[in-house]
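Trainee: Can you keep this structure in mind? I'll have questions shortly.
The values are calculated or read from the model by the stated rules, or taken from the named source; none is laboratory data. Treat the numbers as computed from the prediction; the structure is a model and nothing was measured. Counting neighbours? That spans all protein chains shown, and the Cβs are built from the backbone with ideal geometry, glycine included. Just so you know, the surface numbers come from the protein's heavy atoms only, side chains and all, with ligands and any DNA or RNA stripped out. Shrake-Rupley method; radii C 1.70, N 1.55, O 1.52, S 1.80 Å.
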Amino acid sequence: MTTEIASDIKKLLRKQEFPTVAIEAIGQLQKILANFVGMSVPQQVVQVCNEVLEEFVFFEKKRKKLSAIREIQILDLICASFQTCAQESCRNLFFVMFPPTDKRLLDQRMPILTRLISLAVTLKVDTILDCAAFWFHVVGIKTTVSLQLVEYLLRDLFESGTSPCLSHEPALLVNTSPAFCATFVTATTFIYSMRLPPKALLELLATWLEENLYLSYVPLETVMPTAQTFVPGLIRWIVLTDPNSETDASVTNRLHLALLKIILKAPQGIIQVDNFVALFEALEKPSELQIERFVQILQAALTAQCVQGKPEELRRVIEGFPPTKLRDLVLEYNVKDPLQKLS
Amino acid sequence: MCDDPFRAEAWLITAKTLFPNSFAIQFAMYDMYKGTHRSSDAARELANLMSTFPSEQGLASEMKSIAGAIQDSTTVIDSSRQLVAIFKHMTPAVQYDLLLSVCDNAIDITERCRFLLLVMRRFPESTAKLGPPLIEELLSNQNESQIPVSIHRKLLVCDVLPLILPRLQLPAKLVVELLEHSLVFYVRYMSSSDKYLDLPMEPKELWDRLFNLTRLIAQKLDWNLADLLETTNISDSQLSRLKSFGVPRSSIGIVDLSKSRVVADDEIQRFYITLVLFLRSVHFYGRFTSVMDDLPGCVLTDFRETHPQVPKKKKIDRGSNQLSASKHLSGNIAFSLINHFQTAVKTWSLLINYKEDFDRLSETVGLPEWPFSKIFFIDSKIYHGQHDEAIRMQCNLMVTAKTGLHERLTANVRLASCFFATGDRQNALARVLEVITDLPETAPESGESTGGSTLSSARNFCARVPESNQLCFILCSRVEILRFCVRLIMLCLKDRIADQRDDSAMGHLIVLCQSEWPTYETQFHQLIENIRKVKAFSYPLFMTYIVLPDILEEFAYLATQPSLELENSRLQLDLLPPAPGLGARSRTVTRGVNRGAKEDLRLAMEKQMARSEEDVDQIIVSFLLNEGKLILGK
């Protein structure tokens, strides 16, 4: 792409006023990036795009900070334009807007990103959410950037007075973008790694799982063998839930049941033995119900043969429980091959 | 185990992983889904169970419950509806397997048959595979049991065949065999005391079913005469289509089911169609002529005379066979009775050509056990004018069969008809007098002439004097039987006075003329004319039996008026009974001389008038009973 075309575009755009200018700009960028579907975008093009963005979309060249209203308007039209474009070209644009590799630019645009995702959740824009899910994984779910973003979203969704997306039909979100929901929950499991998340989140997750039981296995567009799931996190949450302090046991029960079913269909390697060991050690005076749930989860994992790690350690964990019928059965049943099949 | 359904399910899932081969655990999961109305989960579990534990008893009984629930689609029982919901969530392939499994586990052929029918109704494409073996099995069970209306035959004929026949092409020989089974079943069923709740009770509906089935079979066998099954009254042109040409080939009959070559033959279809038409017509003939709730039964009477003077006279041709039925019968019944009788007679004349086959089937179907079958044969002889044969058969029947009052009455009526038709007056009269002794009681319905003045009701009867040449089914009611007797006796007596003067015969006639007055008024006036001509009339029974005012007045007139032709003589009327103690010569005679005698007669007439309110029919009956010998005469 030549600088000529670039400057032509800029000239064209300078003639226009807001909001048309922004819409037009995004449209142009989409057209440009459509040429690079399925491949990586050359640096030069990225450069040009960012120039356009800076000047005409995000108005970053101006000294003044954007007013709140202006910001919302921009976000709104970004949503609108993403709603109409195709998946692949959207992704390219998204990554140009919020480049994982350009730290400076990313930092600058983080607020925008955060609010954009929030708005996309409210408006249920599936393209943006799918891009976001993918973006999280590219950046790395456990990274500070991701976690901060997710934290912000959590606050936004659960604590703010107005949470329109949750006040009605929360389940719809999981139908709009299962990838986003799965990724979101996975990130949350890292934020609340050894403690329980807000009850509202658990309830939301329970509802989502009722809609889509195998949410955790939603494939992201490109196969990502390193993609994390929320399964280990969910295991932790369930086992750590103290039934005595629960006011409403049904949520946990629902989640536990869903979890068992999920584990039974789990692919190899989804849980590590170390997770179980750590969890076991973190339990202090577990109640009968907690033990029951833990052992059931272990049995399911053994049956599905999805645990990675040393079998002896797992055995040690099981033996570590006070003897119950269930525990004995599990030990007896898995005495031979299953434990040894752990790779 | 625990209240929370999620916890319970978690346990069951875990248990299933620990004991993957345990039927009990997986069935418990199915049960749990069923109990919580999660039909699609239950269906999935059940499908798993079916493939993993195909021979478990618990599973078999659950599947049977489901099949049972589906059969009764209108159930309101909650548990059944739940089962139906589960079934609906299964894929068709699994549904089919389930039902087939239930069939295999059925305890007996009856149950298996019911479930197989269910399968074939839901999965029509399976008919070809499941139908023929089912038919074979039912047939072999039937052949073993030999009960005419066994459940096997019932299932075969009423349920299986109507479903399967339209869909499959079965070998022709088998289809003919099935036709025979159907015939036997329906016909036997109508006269049996065993009842099946899902079959109709009315004979008409049962016959309709049989005819529908026969039509279906005829269609399958490409019989071109099948349209004749639509008629109830077979016309002559239709009859000619049924006529067979030539004599059957083998001595066993045309339908030899042991031979494989059977059904391309036209003979076969003629036989069966004729047979079926015959049986139905005879059946309805029997129903309408038998004693039922509101019908006293009918009997065929024949007033046609063959003339012995013309020995070469042909058999009465059909044109003059004016068959009618009593007007006391409702229009529908009368019409049906006549139709069916004629059809039966015509088809019977064709069936004679298939003697062996007919004999075999009529035996199987139980025709000889029908009380009216023998009577039909007699009636058909009467219809064809073969009275001698009819007489012989009827006398035979009276000797061999049971004779209650009704049978005796009708037998004698028939015999009287036949004797009369052959010209044997004496025997006819003798039989009529027998009839009178068995006369039924007066029925409480209107239309009977009861006592008093018969003028008004008599006028209604005017139109009912049958034509002189007629075959008629009359009701076995007092009125009609009596009318028949009176008419027959009068015809005989008329003969007697034709050639010679016979006062007692004339007197008898006058007594009888009172019946249903003024029906016979004309006859009466003719008799009066005769008396006038002869100028004398002696009838000692006059006062005993003649009560009608019109007649009495006529006689009074005769007695008093001078004859116009012979001024000097008066009519001699000798009507008073012999006075006790006096000799014959002292009988008063109304010659002008003995004025006392004339006065006596006048007084006697006046006195007789007082009797005008009496029941004429009763008088006639007593007359016939008491004076029977006289009537029989020389």
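Trainee: Which of the helices (runs of 4 or more DSSP H) found entirely inside region A:33-127 contain at least 2 residues meeting this: open to solvent by 50 Å² or more (accessible area, probe 1.4 Å) and not small (Gly, Ala, Ser)? Walk me through how you get there before you give the answer.
Mentor: Numbers: elements: A:43-52, A:68-84, A:87-97, A:103-123.
Once the helices (runs of 4 or more DSSP H) in region A:33-127 are filtered for at least 2 residues that are open to solvent by 50 Å² or more (accessible area, probe 1.4 Å) and not small (Gly, Ala, Ser), what remains is A:43-52, A:68-84, A:103-123.
Trainee: Considering region B:196-221 alone, what residues qualify as being surrounded by 13 or more Cβ atoms within 10 Å (Cβ to Cβ) and not in a helix (DSSP H, G or I)?
Mentor: Those that are surrounded by 13 or more Cβ atoms within 10 Å (Cβ to Cβ) and not in a helix (DSSP H, G or I): B:LEU199, B:LEU221.
Trainee: Moving on. Identify the residue in region A:239-262 that is among the polar types (S, T, N, Q) and over 17 Å from A:LEU201 (Cα atoms) and, among all such residues, is farthest from the other protein chains (Cβ to nearest Cβ). Spell out how you get there, then give the answer.
Mentor: Quick first cut of region A:239-262, residues among the polar types (S, T, N, Q) only: A:241, A:244-245, A:247, A:250, A:252-253.
Checking the rest, the ones that are also over 17 Å from A:LEU201 (Cα atoms) come to A:244-245.
On the way: A:ASN244: 15, A:SER245: 17 Å.
Looking at residues that are among the polar types (S, T, N, Q) and over 17 Å from A:LEU201 (Cα atoms), I get A:SER245.
Trainee: Still on this structure: Which of (1) within 14 Å of chain A (Cβ to nearest Cβ); (2) open to solvent by less than 60 Å² (accessible area, probe 1.4 Å); (3) not charged (D, E, K, R) is the odd one out, the single condition B:ALA85 does not satisfy?
Mentor: The one condition B:ALA85 does not meet is (1).
Trainee: Restricting attention to region A:263-270, does a residue exist that is in a helix (DSSP H, G or I) and either within 12 Å of another protein chain (Cβ to nearest Cβ) or open to solvent by 10 Å² or more (accessible area, probe 1.4 Å) (or both)? Break it down stepwise before answering.
Mentor: Let us first name the residues in region A:263-270 that are in a helix (DSSP H, G or I), namely A:263-264.
From the residues that got through so far, the ones that are either within 12 Å of another protein chain (Cβ to nearest Cβ) or open to solvent by 10 Å² or more (accessible area, probe 1.4 Å) (or both) too are A:263-264.
Within region A:263-270, one or more residues are in a helix (DSSP H, G or I) and either within 12 Å of another protein chain (Cβ to nearest Cβ) or open to solvent by 10 Å² or more (accessible area, probe 1.4 Å) (or both).
Trainee: Among the residues of region A:300-314, how many are in a helix (DSSP H, G or I) and either surrounded by fewer than 19 Cβ atoms within 10 Å (Cβ to Cβ) or of a type in the set (A, V, I, L, M, F, W, C) (or both)?
Mentor: Here the count works out to 8.
Trainee: Additional query: Could you please let me know if A:GLU288 is over 27 Å from A:LYS142 (Cβ atoms), in contact with a helix residue (DSSP H, G or I) (Cβ under 8 Å, 6 or more places away or on another chain), of a type in the set (Asp, Glu) and more than 10 Å from chain B (Cβ to nearest Cβ)? Walk me through it before giving the result.
Mentor: Values: over 27 Å from A:LYS142 (Cβ atoms): yes; in contact with a helix residue (DSSP H, G or I) (Cβ under 8 Å, 6 or more places away or on another chain): no; of a type in the set (Asp, Glu): yes; more than 10 Å from chain B (Cβ to nearest Cβ): yes.
Answer is no for this residue.
Trainee: Quick test of your reading of the structure: A:VAL277 fulfils all but one of (1) away from every other protein chain (no Cβ under 13 Å); (2) in a helix (DSSP H, G or I); (3) closer than 30 Å to A:PRO219 by Cβ; (4) open to solvent by 30 Å² or more (accessible area, probe 1.4 Å). Name the failing condition by number.
Mentor: Among (1) away from every other protein chain (no Cβ under 13 Å); (2) in a helix (DSSP H, G or I); (3) closer than 30 Å to A:PRO219 by Cβ; (4) open to solvent by 30 Å² or more (accessible area, probe 1.4 Å), A:VAL277 violates only (4).
Trainee: List the residue pairs whose Cβ atoms are under 8 Å apart, where the first residue sits in region B:69-89 and is more than 14 Å from B:LEU118 (Cβ to Cβ) and touching a residue at least 24 places away in the same chain (Cβ under 8 Å), the second is in a loop (DSSP other than H, G, I, E, B) and open to solvent by 80 Å² or more (accessible area, probe 1.4 Å), and the two are 6 or more positions apart or on different chains.
Mentor: Between residues of region B:69-89 that are more than 14 Å from B:LEU118 (Cβ to Cβ) and touching a residue at least 24 places away in the same chain (Cβ under 8 Å) and residues that are in a loop (DSSP other than H, G, I, E, B) and open to solvent by 80 Å² or more (accessible area, probe 1.4 Å), the close pairs are B:GLN82/B:HIS37; B:ALA85/B:HIS37.
Trainee: Then there's this: Could you name every one of the helices (runs of 4 or more DSSP H) located completely within region B:78-195 that has at least 3 residues being polar (S, T, N, Q)? Break it down into steps so the answer makes sense when it comes.
Mentor: On the way: elements: B:78-88, B:92-104, B:109-122, B:127-145, B:151-154, B:161-164, B:172-190.
Result: B:78-88, B:127-145.
Trainee: Also, I was wondering about something else. Would you call B:ARG38 within 14 Å of chain A (Cβ to nearest Cβ) and open to solvent by 60 Å² or more (accessible area, probe 1.4 Å)?
Mentor: Values: within 14 Å of chain A (Cβ to nearest Cβ): yes; open to solvent by 60 Å² or more (accessible area, probe 1.4 Å): yes.
Criteria met by B:ARG38.
Trainee: Can you confirm whether A:THR229 is without any contact (Cβ under 8 Å) to a residue 40 or more places away in the chain, more than 14 Å from chain B (Cβ to nearest Cβ) and among the hydroxyl-bearing types (Ser, Thr, Tyr)? First the steps, then the outcome.
Mentor: Numbers: without any contact (Cβ under 8 Å) to a residue 40 or more places away in the chain: no; more than 14 Å from chain B (Cβ to nearest Cβ): yes; among the hydroxyl-bearing types (Ser, Thr, Tyr): yes.
Spelling it out, it is not the case that A:THR229 is without any contact (Cβ under 8 Å) to a residue 40 or more places away in the chain, more than 14 Å from chain B (Cβ to nearest Cβ) and among the hydroxyl-bearing types (Ser, Thr, Tyr).
Trainee: Same structure again: Which count do you get for residues in region B:1-11 that are surrounded by fewer than 18 Cβ atoms within 10 Å (Cβ to Cβ) and either in a helix (DSSP H, G or I) or within 11 Å of chain A (Cβ to nearest Cβ) (or both)? Spell out how you get there, then give the answer.
Mentor: Just the residues of region B:1-11 that are surrounded by fewer than 18 Cβ atoms within 10 Å (Cβ to Cβ), to begin with: B:1-5.
Subsequent filtering for residues that are either in a helix (DSSP H, G or I) or within 11 Å of chain A (Cβ to nearest Cβ) (or both) retains B:2-5.
Residues flagged as surrounded by fewer than 18 Cβ atoms within 10 Å (Cβ to Cβ) and either in a helix (DSSP H, G or I) or within 11 Å of chain A (Cβ to nearest Cβ) (or both) within region B:1-11 amount to 4.
Trainee: When you look at A:VAL45, is it more than 27 Å from A:PHE136 (Cβ to Cβ), touching a Leu at 6+ places or on another chain (Cβ under 8 Å) and not assigned by TED's automatic domain parsing to the domain that holds A:THR114, yes or no? So that I can check it myself, show each step before the final result.
Mentor: Working: more than 27 Å from A:PHE136 (Cβ to Cβ): no; touching a Leu at 6+ places or on another chain (Cβ under 8 Å): yes; not assigned by TED's automatic domain parsing to the domain that holds A:THR114: yes.
Spelling it out, it is not the case that A:VAL45 is more than 27 Å from A:PHE136 (Cβ to Cβ), touching a Leu at 6+ places or on another chain (Cβ under 8 Å) and not assigned by TED's automatic domain parsing to the domain that holds A:THR114.
Trainee: Give me the pairs, please: first residue somewhere in region A:294-307 and at the interface with another protein chain (Cβ under 9 Å from one of its Cβ atoms), second residue anywhere and of a type in the set (Lys, Arg) and part of a helix (DSSP H, G or I), beta-carbon distance under 8 Å, and either six or more positions apart or on two chains.
Mentor: A:VAL295/A:ARG327
Trainee: B:ARG44 versus (1) open to solvent by less than 60 Å² (accessible area, probe 1.4 Å); (2) assigned to a helix (DSSP H, G or I); (3) within 14 Å of another protein chain (Cβ to nearest Cβ): which is the lone unmet condition?
Mentor: (1)
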